[in-house]
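The values are calculated or read from the model by the stated rules, or taken from the named source; none is laboratory data. Computed from a prediction, not measured in an experiment: that's the story for all the values here. We place every Cβ from the backbone using ideal geometry, glycine too, and count neighbours over all the protein chains shown.
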Amino acid sequence: MPYKLSLTQALTIVAALDDLTSKFILEPSRLEKGLRLYLEGKAQYRGDLGNWICQSSNGRDVYAVDLENVICTCPDSTQRESVCKHFIACWIANRVQTVLDAARKLLREQTKRAA
């Protein structure tokens, strides 16, 4: 299934994955599954909870993800005590959102100055 991404999104994803792999030892299949969850829009920020949530790949479950403390409530993460695909999806989503928010802010400031 092809995904439509802007150049900014694609470059940010690459940077996020590079950052992630510099911090954690990850299996390639786990990276691929996490990226797929992100691209399918299953990672979402919940401001009311101050955290991220990620829908399972089968769509039946939703897990809470704490990026600061490297925690996911999924069985895989709790049993293996390692970074899971849900954490990876939320990590990517967080990085992309941060970059896009900064770009929008910069654009608004430049527009104000030009007016």
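Which of the residues spanning region 35-62 are among the hydrophobic types (A, V, I, L, M, F, W, C) and either modelled with pLDDT of 90 or more or within 24 Å of Asp18 (Cβ to Cβ) (or both)?
Leu35, Leu37, Leu39, Ala43, Trp52, Ile53, Cys54, Val62
Which members of region 20-44 meet the condition of being in contact with a helix residue (DSSP H, G or I) (Cβ under 7 Å, 6 or more places away or on another chain) and either under 24 Å from Asp101 (Cα atoms) or polar (S, T, N, Q) (or both)?
Leu20, Gly34, Leu35, Leu37, Tyr38, Lys42, Ala43
From Gln44, Gln55, which residue is surrounded by fewer than 18 Cβ atoms within 10 Å (Cβ to Cβ) and either on the phi > 0 side of the Ramachandran plot or without any contact (Cβ under 8 Å) to a residue 60 or more places away in the chain (or both)?
Result of the check over Gln44, Gln55: Gln44.
Looking at region 71-93, which of its residues are modelled with pLDDT of 90 or more and more than 12 Å from Gly34 (Cβ to Cβ)?
Across region 71-93, the qualifying residues are Ile71, Thr73, Pro75.
Just need a number here: residues in region 77-115 that are surrounded by 15 or more Cβ atoms within 10 Å (Cβ to Cβ) and under 18 Å from Phe24 (Cα atoms).
Going through region 77-115 one residue at a time, the tally reaches 15.
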